[in-house]
Amino acid sequence: MKIGGLSLGAGGLSLADLYRAEAASPNLPAESGPSSSGRRHKSVINIFLAGGPPHQDMWDIKTSAPSEVRGEFRPISTSVPGIQIGEVFPKLAGLMDKAAIIRSVVGCRGGHDGMQCLTGWEGNSLKSLGGRPSIGSSASRIFGPVDPSVPPFVGLSEPTRHLPWSDSGQTGFLGSAYSSFKPDGPGMENMTLKGITLDRLADRRRLLTEIDTMRRDIDISGAMEGMDAFGKRALDVLTSSKLVDALDLSKEDPRLVARYGDGKPYQYQYDGAPTCNEQLLIARRLVEAGVRVVSLSYGRWDSHSKNFDLVRDHGSKLDQCLSALVTDLDERGMLDDVAIAVWGEFGRTPKINAAAGRDHWTKVSCAWLAGGGLKTGQVIGATNRLGEEATERPVQMQEVVATLYHCLGIDTQNTTITDPTGRPQFLVDQSPIAELVG
């Protein structure tokens with residue numbers, strides 16, 4: 001009579017367990033923040049380029065730099081006059097009016113993980129309390145689900161040998177009730193009713209109800225009634241097709257699947273994530289089904305050697321699936337409701353090393369944003385001739401995260417979440433990027 005464990009997160013808790021934990025959380029209801037009732041929901045797709053993408057080979061080509069810095073790529077014109085990007089992104093160049101590039105991201109702490117891209121904070125912030133919650137966990141806490149049968153936060157990041165690159169976003173001090181749902185986790189096997197039809201499940205559900213009714217007659221505490229509610233919510237997920245259908249690309253138009261591509265063969269993966277183009281299509285399907293935040297890790301950009309070969313491979317694949325995502329959302333009338341962020345934990349050295357690679361560079365990096373109702377068709381910030389440091393409009397990593405919160409409809413200046421000590425905590429210290437949100 002126990003069907004569908006549907007585990008979430010790393011802890012292996014069942015969905016019903018998580019609903020109980022959520023109900024027991026001292027953070028409910030939200031102390032401050034917006035309400036999602038009566039509004040079309042907003043979403044974020046956060047694409048982490050794990051390893052640190054080379055800004056000067058992607059969005060900030062340095063044609064006037066000496067050869068040991070400039071590298072092999074030429075700039076190409078985009079759909080916005082005066083803006084150029086790297087030659088491996090011709091499809092994205094044609095969509096520049098729908099995107100914004102930040103060439104002056106600063107404040108990278110240098111860790112080989114997605115912590116700052118997922119939370120805006122360094123890893124040691126509030127560590128004694130469990131750490132800072134990720135964007136997805138915070139959104140889950142503030143808004144809850146759009147649809148009771150669809151989790152608000154989904155992590156698509158593939159397991160990687162370098163474990164920090166497979167992080168989809170931690171819950172921090174919020175606890176396990178706000179974990180991401182992971183489709184490759186232990187609970188995915190229980191998402192289908194093996195040998196059990198919905199009619200048989202309904203019969204069993206009625207039987208359980210009758211048994212629980214008898215038990216409730218002698219339950220003077222009222223706990224059984226609450227347990228019924230938790231089980232019902234878990235069963236609603238199990239019996240709804242929305243989440244399973246969103247994850248099933250066989251239900252998608254094959255022509256659209258081909259537009260995204262599959263990113264194969266996977267090259268230069270080593271200890272990182274594959275270039276799984278299909279995850280971007282799954283992300284679109286998930287937000288359409290009601291997910292608020294989807295995070296994923298795309299490729300392995302730690303190019304200490306063969307940097308230019310890696311960028312040709314990863315970059316061309318990213319160009320295909322990212323342009324397909326923007327076009328797909330736009331054609332469906334969803335682009336203004338879904339913000340896309342593409343960035344990594346830091347940039348790479350201006351000087352090319354002896355192995356034709358670029359090493360870690362924390363002074364400056366880049367980010368690519370689209371959708372979410374942002375003011376697109378622009379470049380924010382600039383670096384010097386060698387791409388060493390920001391010379392115009394330095395943008396803190398927290399400002400990017402604050403912008404993503406803004407796209408979700410969260411006012412970061414006035415929204416707080418209570419930590420385990422009872423103290424209200426702001427989501428970030430910085431404001432959204434004014435040039436993008438106006």
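Summing +1 for each Lys or Arg and -1 for each Asp or Glu among the other residues whose beta-carbon sits under 14 angstrom from that of residue 85 gives 0. Measuring against 27 Å, Cα to Cα, the residue pairs 42/264; 91/242; 42/242 contain 42/264; 91/242 as the ones spanning a longer distance. Using the average count of surrounding beta-carbon atoms within 10 Å as a protection proxy, the listed peptides 427-433, 109-115, 273-279 rank, highest first, as 273-279, 427-433, 109-115.
Packing-based ranking of 146-158, 292-304 yields 292-304, 146-158, ordered from highest to lowest mean Cβ neighbour count within 10 Å.
The string of couplings for segment 378-384 from the Karplus curve (6.51, -1.76, 1.60, θ = phi - 60°) is 8, 10, 10, x, 7, 10, 6 Hz, one whole number per residue in order, with x for Gly and Pro. Electrostatic tally near residue 290: other residues with Cβ closer than 9 Å to its Cβ, Lys and Arg +1, Asp and Glu -1, net 0. Full extension of the chain between residue 393 and residue 109 yields a length gain of 100.3 nm, computed as 0.36 nm times the residue separation minus the alpha carbon distance. For segment 312-365, the Cβ-based charge dipole about the Cα centre amounts to some 540 debye (Lys, Arg positive; Asp, Glu negative; other atoms uncharged). Excluding residue 169 itself, what net charge comes from residues whose Cβ is under 13 Å from its Cβ, given Lys and Arg +1 and Asp and Glu -1? Result for the local shell: +2. About its Cα centre, the dipole of segment 279-438 is roughly 400 debye, where the only charges are +1 on Lys and Arg Cβ and -1 on Asp and Glu Cβ. Spin-label pair residue 250-residue 309: with each label point 7 Å from Cα along the Cα-Cβ axis, the two points sit 3.8 nm from one another.
Farthest towards the positive end of the charge dipole of segment 329-395, among the residues 360, 372, 339, is the Cα of 360, using unit charges on the Cβ of Lys, Arg, Asp and Glu. A protection proxy built from the mean count of other Cβ atoms within 10 Å ranks the segments 256-268, 89-101, 172-184, most packed first, as 172-184, 89-101, 256-268. A crude spin-label estimate for the pair residue 426 and residue 128, with each label 7 Å from Cα along the Cβ direction, gives 2.2 nm.
Bear in mind these aren't lab numbers, they're just calculated from the coordinates by the rules spelled out. Fair warning: this is a prediction, and the values are worked out from it, not measured in the lab. Don't worry about glycine lacking a Cβ; one is built from the backbone with ideal geometry, like all the others, and counts go over all protein chains shown.
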